[in-house]
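Below is one structure, written out as C-alpha cells; comments come after it.
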Amino acid sequence: LAKTTQPISMDSYEGQEVNITCSHNNIATNDYITWYQQFPSQGPRFIIQGYKTKVTNEVASLFIPADRKSSTLSLPRVSLSDTAVYYCLVGAGDGSGNTGKLIFGQGTTLQVKP
Amino acid sequence: DAGVIQSPRHEVTEMGQEVTLRCKPISGHNSLFWYRQTMMRGLELLIYFNNNVPIDDSGMPEDRFSAKMPNASFSTLKIQPSEPRDSAVYFCASSSNRDRAYEQYFGPGTRLTVT
C-alpha cells in the first residue's frame, strides 16, 4: 500500500477555502485516493474518493493531477465545525470485490478559527 | 439504519482481566474491520473480515488478542489477559464489497482503560 505524506496541522479562519495536499509518490495503477474526516471522540467518516482529475460532492472537492502522485482536498468556506483531523489514504478500494483495506496515517489536524 | 453499534462505550478494567468488545455492523454490509487508536500510534487496523471470514489479522498485536465473527451481524474482539498498554479507543467499521468497499462506516468506539 502506498505511503502518504500530508501536513501535520493547518490553521484557517471561518469562511475561507482550505486546501490540504497529500503526497503519494508510490501510488499503484489500481489504487484509489480516499479522504476521511475525524472529529474528537468519534470514528472517522468518509468524505470523498477519486481516481483521477476532479471529484466533487456536497462536502468537498478532490483534485488529482495526471501523474496521481499527489492529491488536494478542498473544503469550501469552512466553519468552526470543520475543525477535525483529515486523513488521506491510498489503496485498492475500487469496490470491485476488494475488501477495502485502508491504512491511516497521522492525518492533518485542521483548526478553524473564528 | 442505526449505524455500526459498539458496546460497551467505556470499559475500565484491571491488568490481567479479560476484556470483550462487541460490534454489530450495518445490516447488509459484508466486510468488518477492527481498529485501535492511540495518541502515539494513531489509527491502526487490527483485523478485518469478509463474509464472516478473517482475511488479514497481521495487525493483531499478539496472541493476547483474538477476534471472531460468528455471523454477519456480530463480531467480538477479545483481549486476554489485558495490559495497561492496551488502553486505547477501539473502533469497529463495516462496508459493503458489492458497492464501495473503501467507504467504511465507523462505530462510536469503545474507550478501554486498563489499570
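Name every residue in the range A:38-53 that is in a strand (DSSP E or B), more than 11 Å from chain B (Cβ to nearest Cβ) and surrounded by 13 or more Cβ atoms within 10 Å (Cβ to Cβ), in order of residue number. Passing the criteria: none in range. The criterion of at least 2 residues that are within 14 Å of A:GLY43 (Cα to Cα) is met, among strands (runs of 3 or more DSSP E) falling completely within chain B, by B:5-7, B:31-38, B:42-50, B:88-95, B:110-114.
Okay, residues lined up against (1) under 25 Å from A:GLN38 (Cβ atoms); (2) open to solvent by 50 Å² or more (accessible area, probe 1.4 Å); (3) among the basic types (Lys, Arg):
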position	(1), (2), (3)
B:ARG9	yes, yes, yes
B:GLY16	no, no, no
B:LEU21	yes, no, no
B:ILE26	yes, no, no
B:ARG41	yes, yes, yes
B:ILE55	yes, yes, no
B:SER58	yes, yes, no
B:LYS78	no, yes, yes
B:TYR90	yes, no, no
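A single entry from A:THR29, A:THR109, A:THR56 fulfils the requirement of being over 25 Å from B:GLN6 (Cα atoms) and either open to solvent by less than 30 Å² (accessible area, probe 1.4 Å) or in contact (Cβ under 8 Å) with a residue 12 or more places away in the chain (or both): A:THR109. Does B:ARG36 meet the test of being surrounded by 14 or more Cβ atoms within 10 Å (Cβ to Cβ) and more than 12 Å from chain A (Cβ to nearest Cβ)? It is false that B:ARG36 is surrounded by 14 or more Cβ atoms within 10 Å (Cβ to Cβ) and more than 12 Å from chain A (Cβ to nearest Cβ). Evaluating A:PRO7 against the criteria (1) at pLDDT 95 or above; (2) open to solvent by 10 Å² or more (accessible area, probe 1.4 Å); (3) more than 13 Å from the chain's Cα centre (by Cα) leaves one unmet condition, (3).
The values are calculated or read from the model by the stated rules, or taken from the named source; none is laboratory data. Just so we're clear, the structure is a prediction, and the values are computed from it rather than from any experiment. Here the Cβ is made from the backbone with ideal geometry for all residues, glycine too, and neighbour counts use every protein chain on show. We work out accessible area using only protein heavy atoms, side chains counted, and drop any ligands, DNA or RNA first. Shrake-Rupley method; radii C 1.70, N 1.55, O 1.52, S 1.80 Å.
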